[in-house]
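The values are calculated or read from the model by the stated rules, or taken from the named source; none is laboratory data. Just so you know, these numbers come straight off a predicted model, no measurement behind them. Note that we place each Cβ from the backbone using ideal geometry, even for glycine, and neighbour counts take in every protein chain shown. Protein only, heavy atoms only, side chains kept; ligands, DNA and RNA dropped before computing areas. Shrake-Rupley method; radii C 1.70, N 1.55, O 1.52, S 1.80 Å.
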Amino acid sequence: QVQLVESGGGLVQAGGSLRLSCAASGGVSSIRTMGWYRQAPGKQRELVALMMSVGRPEYADSVKGRFTISRDIAENMVSLQMNSLKPEDTAVYYCKGIVRTTVDLTFREYWGRGTQVTVSS
């Protein structure tokens, strides 16, 4: 069973930085897309940053110039470097992967459990 496990969340003051990481495991054959989403209290889950196997990464307008997504394809990992954090970045951050396993030829969507990021003013 594929698992995506996030790490790196925490509490930081406005203007600070955090780095989130997500590792996929459990019979992973290939990963088409890995990305980060977030959900603040009372709001819908939204895209933060997305990186496909080819092409440029995509970012939400609200994080462009502050956040950087990167992938380690060999290690099935994706990271999110978050700089110049703002209180409005406070949310639970989720990792998502479009993954194909060694026993299933179909790419399927998997989510991590999320990691809390809190930015104090």
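Annotation: per residue accessible area for the chain equals 55 Å², rounded to a whole number [probe 1.4 Å, protein chains only]. Report the residues of segment 89-115 in range of a label on GLN44: point 7 Å along Cα→C-beta, backbone N strictly under 11 Å from it. Counting backbone N atoms under 11 Å from the label point, the list is empty.
In this structure, GLN3 and SER121 have a Cβ-Cβ separation that, at R0 = 25 Å, corresponds to a calculated FRET efficiency of about 0.10. Packing around the peptides 46-58, 73-85, taken as the average count of other Cβ atoms within 10 Å per residue, puts them in this order, highest first: 73-85, 46-58.
If you average 1/r across every pair of different Cα atoms in the chain and take the reciprocal, what Kirkwood value do you get, in Å?
Details: mean 1/r = 0.0692 Å⁻¹.
Its Kirkwood hydrodynamic radius stands at 14.4 Å.
Derived from the Cα gyration tensor, the three semi-axes of the equivalent ellipsoid of segment 1-40 are 26, 10, 9 Å, largest first.
Placing a label point 7 Å from the Cα of GLU88 along the Cα-to-Cβ direction, the residues of segment 24-55 whose backbone N falls under 17 Å from that point are 38-49.
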